[in-house]
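Below is one structure, written out as structure tokens, with a few remarks after it.
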Amino acid sequence: MVSMPWLPAGSTWEEAFEQLKEARVKADWVKVDGALSAYEAYRYGGSPATVAGKDDVVALAHVIQKRVIGNGAKGKGTRAD
Amino acid sequence: MEMELRERVQEQIRTVVIGREREAELLLVALLARGHVLLEGVPGVSKTVLARSFARCMGVEFKRIQFTPDMLPMDMVGGFVFNMKDREFDFRKGPVFTNLLLADEINRAPPKVQSALLEAMQEFQVTVEGHTEALPKPFMVIATQNPQEFHGVYPLPENQLDRFLMRVNMGYPDQATEVALLRRNLEDMDTEKIQEVVSAEELSKIMEQVTKVQVSPEIIDYLATIAKESRGETRLSLGASPRAMVHLSHCARAIAYLDGRGYVTPDDIKRVSVEVLGHRVKLDQSAVLTGKANDPEQVVREIFAKVKPPR
């Protein structure tokens, strides 16, 4: 979320990802969505933690960082939350 | 099956009503959450056809009451009639004894009738002259009202609006939907062709499973924070009630179930926040007069945009 400073404080991960999809940010969205589902199952459903899709989420964070810095958001959103 | 239930309901309703997929989903969520819905919209936007189509999909008994200013509570709940044969008074059930009741133009009924219905909605039973009779299960009221009417109507007070799980605004269709509607033969709105998607027995089992969907402590804290924010919001003179927040959690459970999950996420809460809270909060008059707010639903959206969900 820190990588996306334009989002309102009340945004969820799903909303953040929807915005990125609409902005045509390149990522393996099937894997990223899968990682989000696994994370939510762990976070809200008590399922065991998993690292599946972690690399794809990190890759996505890097893409966003480049875009944010490229858009002149000086120093903001330079690390993934 | 859970993953398909919503889609199957929408598919059946689409055969009769065009462009009301979202409303169909909301009706299903309300039914699974054991709540009642207030459909608000001008005449001719398919409120009644939608309710009738939905009842047919669900395979439950459906009755409709057209509310009028000269109605009496017994026209709806029933009353005691003298039985000449047994020389005793028998209770004759009114049209409220059904599974899905369409209360058409609820704001045309006088307050006594409205409160009799709202008591049935809250207690799932009716009492007439000390005789209490339970309503069939499931019991859901879909009430309609036209917000543009001012003559011969009795607006529902805040405490009665609070009994409705959701208020769904049915606006005019967009242009593409309007074209599709005009192309289709208007006579082709026969709800008889709608097929049953789920039996009453299956529905009862599903409703039981919905209650088992997990709501984590973080989600409960999130709901409590939203409630607190709404009560402290200066543009509102009335924030979300505790009942509103309980209703919101019930709806979120139903959405999670329909998505095939056993737990609620913040997105489930947000997806029905406007429909569940929009009619329960009240704008502060000074905020309206000073132009700080003119739409309670927008204030609800802004509260949700401000409160950080558990992530």
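Here are the numbers:
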read-out: Leading residue by the ranking (farthest from the other protein chains (Cβ to nearest Cβ)) among those in segment A:8-25 that are surrounded by fewer than 17 Cβ atoms within 10 Å (Cβ to Cβ) and part of a loop (DSSP other than H, G, I, E, B); value: A:ARG24
read-out: Selected residue [of a type outside the set (Gly, Ala, Ser), in contact with a strand residue (DSSP E or B) (Cβ under 7 Å, 6 or more places away or on another chain) and at pLDDT 90 or above] from B:ASP104, B:ASP70; value: B:ASP104
read-out: Evaluation of B:ALA256 against (1) crowded, with 20+ Cβ neighbours inside 10 Å; (2) among the small types (Gly, Ala, Ser); (3) more than 10 Å from every other protein chain (Cβ to nearest Cβ) (one fails), failing number; value: (3)
read-out: Enumeration of residues in segment B:128-145 that are under 23 Å from the mean Cα position of the chain (by Cα) and buried (at least 17 other Cβ atoms within 10 Å of the Cβ); value: B:LEU135, B:PRO138, B:PHE139, B:MET140, B:VAL141, B:ILE142, B:ALA143, B:THR144, B:GLN145
read-out: Pair list, Cβ < 7 Å and 6+ apart or interchain, from segment B:89-113 residues that are under 17 Å from B:LEU27 (Cα atoms) and in the same structural domain as B:PHE164 (by TED's automatic domain parsing) to residues that are assigned to a helix (DSSP H, G or I) and polar (S, T, N, Q); value: B:LEU102/B:THR48; B:ASP104/B:THR48
read-out: Criterion: surrounded by fewer than 21 Cβ atoms within 10 Å (Cβ to Cβ), free of Cβ contacts under 8 Å to residues at least 12 places away in the same chain and not hydrophobic (A, V, I, L, M, F, W, C) - qualifying residue of B:GLU21, B:GLU25; value: B:GLU21
read-out: Given (1) among the basic types (Lys, Arg); (2) modelled with pLDDT of 95 or more; (3) closer than 21 Å to B:GLN298 by Cα, index of the condition B:ARG253 fails; value: (3)
read-out: Filter pass, B:SER204 being of a type in the set (Gly, Ala, Ser) and under 21 Å from B:PHE139 (Cβ atoms); value: yes
read-out: Options A:VAL51, A:VAL30: the member that is at pLDDT below 85, loosely packed, with under 13 Cβ neighbours inside 10 Å and away from every other protein chain (no Cβ under 14 Å); value: A:VAL51
read-out: Selection status of A:SER37, within 11 Å of chain B (Cβ to nearest Cβ), within 22 Å of B:VAL300 (Cα to Cα) and without any contact (Cβ under 8 Å) to a residue 24 or more places away in the chain; value: no
read-out: Every residue from segment B:13-27 that is more than 12 Å from B:THR177 (Cα to Cα), over 15 Å from the mean Cα position of the chain (by Cα) and assigned to a helix (DSSP H, G or I); value: B:ILE13
read-out: Residue check for B:ALA180: surrounded by 12 or more Cβ atoms within 10 Å (Cβ to Cβ), touching a His at 6+ places or on another chain (Cβ under 9 Å) and in the same structural domain as B:LYS63 (by TED's automatic domain parsing); value: no
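Results for (1) surrounded by 14 or more Cβ atoms within 10 Å (Cβ to Cβ); (2) within 14 Å of another protein chain (Cβ to nearest Cβ); (3) without any contact (Cβ under 8 Å) to a residue 12 or more places away in the chain, shown as yes or no for each residue.
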residue: B:GLU202; (1), (2), (3): yes, no, yes
residue: B:ILE220; (1), (2), (3): yes, yes, no
residue: B:ALA224; (1), (2), (3): no, no, no
residue: B:THR234; (1), (2), (3): no, no, no
residue: B:LEU248; (1), (2), (3): yes, no, no
residue: B:TYR263; (1), (2), (3): yes, yes, no
residue: B:SER273; (1), (2), (3): yes, yes, no
residue: B:HIS279; (1), (2), (3): yes, no, no
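Yes/no per residue for (1) among the acidic types (Asp, Glu); (2) within 26 Å of B:THR211 (Cβ to Cβ); (3) in contact with a helix residue (DSSP H, G or I) (Cβ under 8 Å, 6 or more places away or on another chain):
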{"residue": "B:GLU7", "(1), (2), (3)": "yes, yes, no"}
{"residue": "B:GLN10", "(1), (2), (3)": "no, yes, yes"}
{"residue": "B:ILE13", "(1), (2), (3)": "no, yes, yes"}
{"residue": "B:GLU25", "(1), (2), (3)": "yes, yes, yes"}
{"residue": "B:VAL42", "(1), (2), (3)": "no, no, no"}
{"residue": "B:THR48", "(1), (2), (3)": "no, no, no"}
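The values are calculated or read from the model by the stated rules, or taken from the named source; none is laboratory data. From a predicted model like this one, the values you see are computed outputs, not experimental measurements. Using ideal geometry, Cβ is built from the backbone for each residue, glycine included, and neighbour counts are taken over all protein chains shown.
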